[in-house]
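Notes follow once the structure below has been shown.
The values are calculated or read from the model by the stated rules, or taken from the named source; none is laboratory data. This structure is a prediction, so every number in the text was calculated from the model and none was measured. Every residue, glycine as well, gets a Cβ built from its backbone with ideal geometry; the counts of neighbours run over all protein chains shown.
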Amino acid sequence: MSTQVKKKRAKFQWSDAYLYLIPWLIGILVFRLYPFIEAFRISLFNQRIGRPTEFVGLGNFTEILFGDSMHGNLFRHSLNVTFRYVFLTVPLVLIFALFIAFILNFKIKGIGFFRTAFYIPSILGGSVSVALLWRAVWGNRGLINSFIVIIVNGLNFLPFVNIYAPEGWVPVGWMVQGGTALVVMAILRAWQFGSAMLIFLSALQNVPATLYEAASIDGAKKWRQFFTITVPIITPTILFNGIQLLTAAFQEFNAAYLVPAQPGGPNNATLLLNIFIYQRAFEQNNFGIAAAASWIMFIIVMIIATIVQTTSSKWVHYND
Amino acid sequence: MTFSVKTKLLNALRYLVLGLVALIMLYPLLWMIAGIWRPNDEIFTSAGLMPQNPVDGFENIRNGWMVQGRSLLFYFGNTLRFLIPRVVGQVVSCVLTAYAITRFEFKGKKIVFALVLATLLMPEVIFRIPLFQMYSGDNPFGINLLGTFMPLWLENAFATGSFFVYMLVQFMRGIPRDLDEAAKIDGCNSFQTLTLILLPVMKPAVITVGLLTFMWGMNDFIGPLIYIRQPEMRVLQQALRVGSEAGDGGVIWGQIFAMSVMALIPAILLFFVAQRYFMDGIASTGSKE
């Protein structure tokens, strides 16, 4: 990630460096390394209330990965939900953020207003307030369905159209059906595209104008310039945003816990891994299963991040 | 079509798209504010903003202000009780760590930075259960921190916010070395160099770290969910959840909206006061350096 400093200059030889690193050292040992290993140790045990803790080896891992038990079935379902959520959310946010940043980059007047308007949801996004708002917006009679009713009734202005929305009609049960509930979660995340957009915008503004000038002499169209010049240059930023969004999406909790009437609902349709783990650990006191699940999540995130990083040499363009 | 007409049309199209997106972004928030003056059945049938049969919105505001006999201000006070130490601890420890990484040669420096980057990607959830057990008394000192706010900020005082260490490292690399060399010649020790010379230059980055920690911490829900059990210690986000649950008379959405809007005010105010630091700070994290 870092580029080598070309000019080698003698740095200070103060041994104080270790002194300044003391907080970090305590932090990495006590709050990162120890819990990391301890989580694995916990995952090797079966804890049940009223019974002694027993060593089960990798039993918790095999149970949730392959076992035909309540935990196993729910975990694999949760893994499925999480993957669908992640692969729905990340491209959605990336494309949307890049598209808006692309438009904002055209010397738009009032850019300040738009940047602010687009960033506000990111500031408020994870709060309970917004989760409650989202519940109302996507409810059976929420804002979205109200709009659909208005649009359907509005069609009557067209000649030969004679359909009216019946009284009390629910066009889409967004939060009642499993399939759409997860989409609603993804849209809530897309609504908070502001951070990714700002990062893209700053990358776009750093693309040397001379590149475009050369291209416009060649007569390349704006949209072609975008794909042939802009996108290759900002691939490092796409990679950065992608990995940030990916790890965040895998760990999403608030939306799926707070927006549905039941956490992870309806019918576990939004039971993201983080909620599965929380419920095992802190509602059922089943720390063994929860720790095993969190280790599996860690391994998955690491594998995906490694794949993205290693393949990045094929598609990420570093100009140094 | 002439060139200038085409340009104008394209420009209009851009404004149309941006305006539409801005409207979609902000409309739900405006609809929520309008909902304070609406009865339930109107909230759930109308997509417009003007209330048709307005109710007494100020009553919703008064009722929404109190959750289980305590005001939102009280709960916000609880939020500050873990948030202020978290911000201070995060800023101080991350600055010291970034200082050591960028301004010193020492053995193991590469390993330190590699570990910062590695923890950047690790899902927090993997630390959660052992940390919970540690905070609830399973530690060498046998100290039980449940019932205090410490589990919500303690680790931040030890530079575990890798994202911010990384951000500060990027920023400090951009500050010319000449500055600290001059300071050294003038007889400053390394700590004076940091506090007297570098910190003033780093002010924007430091403010960004503090603000983002504050803003994200204000929305922290899972932390309090795990550690804060006593009603009198509930933080603002928990109070909102409690306040949204139906009482005997069912859910009054106007009141929930009033409560939610009031709870968003601190974040919105802070954002507008310090907008520059948010925007620039976020934008700078993506630089590929």
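Worth a mention:
- Scanning segment B:170-190 for residues that are outside any helix (DSSP H, G or I) and within 12 Å of chain A (Cβ to nearest Cβ) yields a count of 4.
- Among the conditions (1) assigned to a helix (DSSP H, G or I); (2) surrounded by fewer than 20 Cβ atoms within 10 Å (Cβ to Cβ); (3) not acidic (Asp, Glu), the only one that residue A:195 does not satisfy is (2).
- All positions within segment A:259-272 that are within 22 Å of residue B:217 (Cα to Cα) and at pLDDT 95 or above: A:272
- Residue within segment B:76-91 that is in contact with a Pro (Cβ under 7 Å, 6 or more places away or on another chain), free of Cβ contacts under 8 Å to residues at least 40 places away in the same chain and crowded, with 18+ Cβ neighbours inside 10 Å present: no
- Among all residues of segment A:254-264, there is none that is surrounded by fewer than 20 Cβ atoms within 10 Å (Cβ to Cβ), under 15 Å from the mean Cα position of the chain (by Cα) and of a type in the set (Gly, Ala, Ser).
- Of the residues making up segment A:275-320, those that are touching a helix residue (DSSP H, G or I) at 6+ places or on another chain (Cβ under 6 Å), in a helix (DSSP H, G or I) and polar (S, T, N, Q) are A:294, A:312.
- Within segment A:203-237, being surrounded by 20 or more Cβ atoms within 10 Å (Cβ to Cβ) and either small (Gly, Ala, Ser) or closer than 30 Å to residue A:271 by Cβ (or both) holds for one residue alone: A:203.
- If you go through segment B:17-54 and pick out every residue that is within 16 Å of residue A:130 (Cα to Cα) and part of a loop (DSSP other than H, G, I, E, B), you end up with 1.
- Residue check for residue A:127: surrounded by 15 or more Cβ atoms within 10 Å (Cβ to Cβ) and within 20 Å of the chain's Cα centre (by Cα): yes
- Filtering segment B:97-111 to residues that are among the hydrophobic types (A, V, I, L, M, F, W, C) and at the interface with chain A (Cβ under 7 Å from one of its Cβ atoms) leaves B:100, B:104, B:106.
- Residue A:112 vs. criteria surrounded by 14 or more Cβ atoms within 10 Å (Cβ to Cβ), at pLDDT below 95, at negative phi and more than 19 Å from the chain's Cα centre (by Cα): no
- Counting the residues of segment A:144-186 that are in contact (Cβ under 8 Å) with a residue 60 or more places away in the chain and closer than 24 Å to residue A:251 by Cβ gives 9.
- Which numbered condition residue A:296 misses (of (1) buried (at least 21 other Cβ atoms within 10 Å of the Cβ); (2) at pLDDT 95 or above; (3) out of contact with any Pro (no Cβ under 9 Å at 6 or more places or on another chain)): (1)
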